[in-house]
Amino acid sequence: MEVILLERVEKLGAIGDVVKVKDGFARNFLLPNKKALRSNAANRKVFEANRARIEADNASRRGDAEKEAGNFNDVSVTLIRQASNTGQLYGSVAARDLVEAITADGHKVTKAQIVLDKPIKAIGVYDIKVALHPEVSVIVKVNVARSPEEAEMQSQGVDVMTAMFEKDEAGFVEDYDPNAEPGATAEAQSAPEGENAEG
C-alpha cells in the first residue's frame, strides 16, 4: 500500500514522502495513529492544501520536544529488582516500569515514547532511548540492580557480577592432597608417610 507520511517515521521517510509499506503496517499503525494518509488523488490534494499547516504544527511540536529534551540532561533512574546469583532478573523490566521510574523522577513521558527493542532481563546499566518527537530523542541511563549498594557500585562503573565472583573465588581456598584417603585431614596423612620414610 502507498501512503503519504504526515510526520517523520524512522526508517521510512519525512513529511510528505509517498512510500510503499506493507498493508498490515499501514492499517494497524500508520493510519490509526494519524501518521499517514492513503496515497490517492483526493488525499494528495488534501495534503498539499494543508501542507503548510501540517509542517507548522510539526515544527511547533518539535520545538516543544527540544525544550523538554533540555530537561533530560544526564537523567538516570535506578530500579531495584530481585535477581538470581547470575544476575538474571525474576521477571523483566518493561516500558511500563521505565515510564513509572522516569515520571517519578519528574519527567513526563508516555509508554509509546520509550524505545525498548527487547525487555531488560539482567542487572546492569542500560542506555534507553526516549523519543519525545519523531525528530527529537534523548537517552536515559537505567541502572537495574538488586540493592541500592549494588546500584551505587554499578553507577561508578563496577561490574557487580564479575566483582561478586572474584570475591567468592578469593575467599574459598582448600588445602587439598590428591593422595589422601577419603575423610582424612592433611596433617593425619603426612604423619604416617614420615614414619614410613624413617623405617
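The values are calculated or read from the model by the stated rules, or taken from the named source; none is laboratory data. Everything numeric in this text was worked out from a predicted model, so none of it was measured. Heads up, the Cβs are rebuilt from the backbone with ideal geometry, glycines too, and the neighbour counts pull from every protein chain shown.
At a glance:
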{"item": "Residue check for residue 82: within 11 Å of residue 140 (Cβ to Cβ) and at pLDDT 85 or above", "result": "no"}
{"item": "Where residue 83 falls short, out of the listed (1) exposed (fewer than 13 other Cβ atoms within 10 Å of the Cβ); (2) under 24 Å from residue 146 (Cβ atoms); (3) over 16 Å from the mean Cα position of the chain (by Cα); (4) not hydroxyl-bearing (Ser, Thr, Tyr)", "result": "(1)"}
{"item": "Out of 77, 3, 21, sole residue that is within 30 Å of residue 147 (Cβ to Cβ) and either touching a strand residue (DSSP E or B) at 6+ places or on another chain (Cβ under 9 Å) or at pLDDT below 90 (or both)", "result": "77"}
{"item": "Pick from segment 23-80, criterion of a type in the set (S, T, N, Q) and touching a His at 6+ places or on another chain (Cβ under 9 Å), ranking: surrounded by the most Cβ atoms within 10 Å (Cβ to Cβ)", "result": "58"}
{"item": "Failed criterion for residue 47 (all others in (1) over 30 Å from residue 107 (Cα atoms); (2) under 29 Å from the mean Cα position of the chain (by Cα); (3) touching a residue at least 24 places away in the same chain (Cβ under 8 Å) hold)", "result": "(2)"}
{"item": "Out of 48, 100, 55, sole residue that is in the same structural domain as residue 150 (by TED's automatic domain parsing) and acidic (Asp, Glu)", "result": "100"}
{"item": "Pairs with Cβ under 9 Å, 6+ apart, first in segment 89-112 and over 19 Å from residue 132 (Cβ atoms), second hydroxyl-bearing (Ser, Thr, Tyr) and not in a loop (DSSP other than H, G, I, E, B)", "result": "93/126"}
{"item": "Failed criterion for residue 38 (all others in (1) under 25 Å from residue 128 (Cα atoms); (2) more than 19 Å from the chain's Cα centre (by Cα); (3) modelled with pLDDT of 90 or more; (4) not hydrophobic (A, V, I, L, M, F, W, C) hold)", "result": "(1)"}
